[in-house]
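Presented below is the structure to which this report refers.
The values are calculated or read from the model by the stated rules, or taken from the named source; none is laboratory data. Values in this document were obtained by computation on a predicted structure and should not be read as measured data. Here the Cβ positions follow ideal geometry from the backbone for every residue, glycine too, while neighbour counts run over all protein chains shown. These accessible areas exclude ligands, DNA and RNA; they are computed on the full protein's heavy atoms, side chains included. Shrake-Rupley method; radii C 1.70, N 1.55, O 1.52, S 1.80 Å.
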Amino acid sequence: MSTFTLNGKEVPFEAGETIMQAAWRAGIEIPHYCWHPGLSIAANCRMCLVHIESGRQMAMPIVKWDEKKKAYVPDTKPKLTPACQQTAAEGMVISSESAEVKQAQSAVQELLLLNHPVDCPICDQAGECKLQDYYYEHQSTAKRKLTEPVHKPKGVRFGPTIVYDAERCIMCTRCIRVCDELAGDPVLDMRERGNRNEITVAQGRELDHRYTLMTEHVCPVGALTSKDFRFKARVWFLKSQEGVCSGCATGCNTHVDFDPRYGKVYRLRPRDNMDVNKFWMCDDGMMTYRRQSEDRVLAATIGRGEARVPAFGDEPVARAAQQLGAVTSNKIGVVLSAQHSNEDNYALAQLAKKLGTTKLYLAGLDAEREGWVADAILRSADPNPNTAGARLAAGGALDETTEDLLQDILGGEVEAVIALGAASLENLAELEALTKLDAVVSLTSHVGALPATASVVLPVASVFETHGTFVNAKGMSQAFRRAVTAQAGIEPGWKTVADLARAMGHDLALGGLQDIRSKLAKTAAESVAASGAEARA
Ligand code: SF4
Ligand code: SF4
Ligand code: FES
């Protein structure tokens, strides 16, 4: 591989790569604002200027203050080059730390801050603002302009999700490029020039496509803020955990930002994964964090309708086991969930095996009923994160749906039900047949049509409260980690299934998570071998 030297270090690069790209891949940061690895090159901020020391040096005429003469005198300095735009070449010797470069970085910072309101204490971006970071790193001098700064529009509503503050904007155009290049909707543009320019929304339009939150995410300063997150939390109080979006079968990788003091999730941000979501997420996916606190089931209940009462300790699991025990076990219908992890589904499939029932069904959200729209960018046609994983956990094909379950109940083949998850294709009226059964046990983190029909509801941990894996539409198995702790007494689904199995006289011998995962891998290999299909990584 070809290399160049950056600040004395060898940096490998591939043909056609820029200096910035190669340095970024090597984990070296050249200060930048407008460059983003997933967007086209604008080269308008000039923060990434570097000195290419090798080859012919171009000198730039300048004037310099001469202390003795007390006047500006003509001089020259090396012409610096934007690293984001310059293609790397074999043997280049580059500095991003020379005196000239440092001076250029400081000058760019000073220019950007001339009219900036410097309202950092109330700015939502404080703590993760490139202007703040680079100011301390590359300028740290007091403002020389003492006159009133240029004032521009503040708190401008760009659309249902985004607010714009033109005074903080550094005109890097990242937001424009996200709309043009990612969302394919050129709804943002720039108007005016110099210190009067600002970002605008196309006439008669709003910023309202399905990737608007990405415009806020790529904004390096506090000019764009998300209506949902602004003024909710200070980022230095937040911790982050690795997650996988549960919004659809694409399985975009996420950072789950939460406040450990309150055990509260505040936002999701995309986590780079070139094979899945590159640098992006869709708006609906970013908002799935709300499911952590909305419509939760936090206590076990026994009974239906008005007779439904909370239950505590071992009682709800014992009652569930007792109700299920009154039915011939091969007449128990077991509903896996395309919304739950492989581990939860695997445990339930094992319980079905122990019970000797082959009546397995799969419940999940329906795209049409949810008004879910897929696209050719990220959004998968399936609004469930783990349809493939649930099928795998069941040992292969799992084509029966909750509609089939209803038929089997009406036909008398199913006399009791154990169901994982809240999601189902039907609404409560359509699931009425379940309410006629004496034993419907629902293991769920959220309210929904399935739990509403249950004779016993057992709460389980949400995706933010447990470790787990999803298999996405491409067949890739992706792990997510627990961000917040579940309320006392609430366990991951697979543990609750194991408790239920124990109360019914069966030992699932699940061990821990690692044990389940190795058993799952074996099940997957067996079902692939049985179907003769080709395995995917
Ligand atoms: S709003 Fe943010 S992303 Fe858009 S041009 Fe201004 S600083 Fe850049
Ligand atoms: S495309 Fe799907 S997985 Fe990705 S962020 Fe959107 S909803 Fe989540
Ligand atoms: S990052 Fe190169 S000019 Fe902006």
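Below, the figures for the structure above:
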item: Crossing angle, helix 493-503 versus the chain [Cα axis fit, 0-90 degrees, rounded to tens]; result: 20 degrees
item: Residue pairs, from the table K264/K359; K359/K436; K495/K519, whose Cα atoms sit over 27 Å apart; result: K264/K359
item: Karplus-derived HN-Hα couplings along the range 456-470 (A = 6.51, B = -1.76, C = 1.60, θ = phi - 60°), whole Hz, x at Gly and Pro; result: 9, 10, 10, x, 10, 5, 7, 5, 8, 10, 8, 7, x, 9, 10
item: Cα centroid of the range 211-226 to Cα centroid of the range 504-527, whole Å; result: 43 Å
item: Percent accessible area from carbon and sulfur atoms, the chain, protein chains only, probe 1.4 Å; result: 52 percent
item: Residue-by-residue Karplus 3J(HN,Hα) for the range 281-293, coefficients 6.51, -1.76, 1.60, Hz, glycine and proline x; result: 9, 8, 4, 4, x, 5, 8, 5, 4, 5, 4, 4, 10
item: Helix-only CD estimate at 222 nm, as mean residue ellipticity for the chain, using -39500 (n - 2.57) per DSSP H run (n ≥ 4); result: -6500 deg cm²/dmol
item: Tail fraction, Cα-Cα pairs, the range 1-132, threshold 26 Å, whole percent; result: 32 percent
item: Spatially proximal aspartates and glutamates relative to K79 (Cα-Cα < 13 Å; intrachain offsets below 8 disregarded); result: E53, E100
item: Mean-position separation - Cα centroids, the range 127-187 and the range 347-386, in angstrom; result: 42 Å
item: Distant-in-sequence amide H partners of M190 (H built 1.01 Å from N, under 5 Å); result: T200
item: Cα convex hull of the range 46-118 - mean projected area over all directions, nm²; result: 6.6 nm²
item: Part-to-part distance (alpha-carbon centres) for the range 402-467 and the range 297-344, which is given in Å; result: 9 Å
item: Given charges at beta-carbon only (K, R positive; D, E negative), |dipole| of the range 431-532 in Debye; result: 360 debye
item: Largest-first ellipsoid semi-axes for the chain, taking √(5λ) over the Cα gyration tensor eigenvalues, angstrom; result: 56, 25, 19
item: Debye-sum result for the range 25-70 in log10 I(q)/I(0), which assumes one identical scatterer on each alpha carbon, at q = 0.18, 0.26 Å⁻¹; result: -0.82, -1.05
item: Bins of 5 Å, starting at 0 and running to the largest distance - Cα pair percent for the range 385-461; result: 3, 16, 25, 26, 19, 10, 1
item: Overall form of the range 290-370 per C-alpha gyration tensor (a/c, 1.5; a/b vs b/c); result: oblate
item: Between 0 and 90°, nearest 10: helix 315-325 axis offset from the chain longest Cα axis; result: 50 degrees
item: Test item: Cα-centred dipole of the range 9-127, Lys/Arg +1 and Asp/Glu -1 on Cβ, debye; result: 520 debye
item: Where M476, M274, M1 fall by accessible area, highest first, once all protein chains stay in place (1.4 Å); result: M1, M274, M476
item: Order of exposure, largest accessible area first, which applies to H51, H506 with probe 1.4 Å; result: H506, H51
item: Whole-number Å³ per residue for the convex hull built on Cα positions in the range 472-512; result: 119 Å³
item: Relative contact order (%) - criterion: Cα under 8 Å, at least six apart; region: the chain; result: 11 percent
item: Under the Debye formula (equal points on every Cα, no solvent term), log10 I(q)/I(0) of the range 392-535 at q = 0.10, 0.18, 0.19 Å⁻¹; result: -0.41, -1.28, -1.35
item: Solvent-accessible surface (1.4 angstrom probe) belonging to K69, in square angstrom, nearest 10; result: 140 Å²
item: Listed peptides 387-394, 77-84, 163-170 by packing density, highest first (mean Cβ within 10 Å); result: 387-394, 163-170, 77-84
item: Accessible surface, per residue, of the chain when the full set of protein chains is kept, probe 1.4 Å, Å²; result: 47 Å²
item: log10 of Debye I(q)/I(0), alpha-carbon scatterers only, for the range 126-273 at 0.14 Å⁻¹; result: -0.80
item: Nearest-10 value in Å² for the accessible area of L39, using the 1.4 Å probe; result: 20 Å²
item: 5 angstrom amide H check on L207, placed H, neighbours 5+ away; result: G159
item: Ratio Rg/Rh, restricted to the range 164-243 and using Cα atoms, in which Rh is the Kirkwood radius; result: 1.00
item: Relative contact order for the range 403-508, counting Cα pairs under 8 Å that sit 6 or more residues apart, in percent; result: 19 percent
item: Ratio Rg/Rh [Cα only; Rh per Kirkwood] for the range 162-210; result: 0.95
item: Isotropically averaged projected area of the range 280-414, using the convex hull of Cα atoms (one quarter of hull area), nm²; result: 10.5 nm²
item: Relative contact order [Cα under 8 Å, 6+ residues apart], the range 30-74, whole percent; result: 24 percent
item: Between 0 and 90°, nearest 10: helix 99-114 axis offset from the chain longest Cα axis; result: 70 degrees
